[in-house]
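Colleague: Before I ask anything, let me first share the structure, which is written out below as structure tokens.
Throughout, read-outs are computed from the coordinates displayed, never taken from laboratory work. Quick caveat: nothing in here was measured; it's all calculated off a predicted structure. Heads up, the Cβs are rebuilt from the backbone with ideal geometry, glycines too, and the neighbour counts pull from every protein chain shown.
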Amino acid sequence: MVRVLALVEGQTEQGFLAQSIQPILATKGIVLSARRVGKPGLQGGIRKWSVARHEIVSLLKRDPASFLTTMFDLY
């Protein structure tokens, strides 16, 4: 079983992965879990690279056997 962690910016990205990407990957034996960046309940996305980097490093330390991807808006 392959595990993929996705660090996302908000509910829209989390919902997109859950509804569109996760079912496709599941047919191939890949488990996808999305986690929103930042503290729960706060909005605003990513304002600094250091915040995203901290989250990425933290996730990889918790599950070093998994792969990690990100999904952030650029505007």
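Colleague: If you average the sequence gap of Cα pairs under 8 Å that are 6 or more apart and divide by the length of the chain, what percent do you get for the contact order?
Modeller: Working: 92 pairs, mean separation 35.0, N = 75.
RCO, the chain: 47 percent.
Colleague: Under a Cβ-Cβ cut-off of 14 Å, what is the net charge of the residues other than R53 that fall near it, where Lys and Arg count +1 and Asp and Glu count -1? Don't jump to the answer; show the numbers that get you there.
Modeller: Working: positive: R47, K48, K61; negative: E55.
With Lys, Arg at +1 and Asp, Glu at -1, the neighbours total +2.
Colleague: A further question follows. Using only Cα atoms, find the angle between the long axis of helix 49-62 and the longest principal axis of the chain, and express it within 0 to 90 degrees, rounded to the nearest 10.
Modeller: Between the helix axis and the principal axis of the chain, the angle is about 40 degrees.
Colleague: Something else: May I ask for the net charge around Q14, where only other residues with Cβ less than 10 Å from the Cβ of Q14 are counted and Lys, Arg are +1 while Asp, Glu are -1?
Modeller: On the way: positive: R35, R36; negative: E9, E13.
After counting each charged neighbour, the total is 0.
Colleague: Using 1/(1 + (r/R0)^6) with R0 = 35 angstrom and r between the beta carbons of D73 and T27, what's the FRET efficiency to the nearest 0.05? Let's see the in-between values first.
Modeller: Values: r = 28 Å, r/R0 = 0.79.
The formula returns an efficiency of 0.80 here.
Colleague: Using the Cβ atoms and a cut-off under 9 Å, what net charge is assigned to the surroundings of M71, where Lys and Arg are +1 and Asp and Glu are -1? Provide the component values of the computation, followed by the final result.
Modeller: On the way: positive: none; negative: E9, E13, D73.
Net local charge, M71 excluded: -3.
Colleague: How much space per residue, in cubic angstrom, does the convex hull of the C-alpha atoms of the chain take up? The partial results should precede the final answer.
Modeller: Numbers: hull volume 6.6 nm³, N = 75.
Convex hull volume per residue, Cα atoms: 88 Å³.
Colleague: Residue-wise, which Karplus ³J(HN,Hα) couplings in Hz belong to the range 13-28, taking 6.51 cos²θ - 1.76 cosθ + 1.60, θ = phi - 60°, and x for glycine or proline?
Modeller: So the J values, rounded to whole Hz, are 5, 4, x, 4, 5, 5, 8, 9, 8, 4, x, 5, 5, 4, 5, 9.
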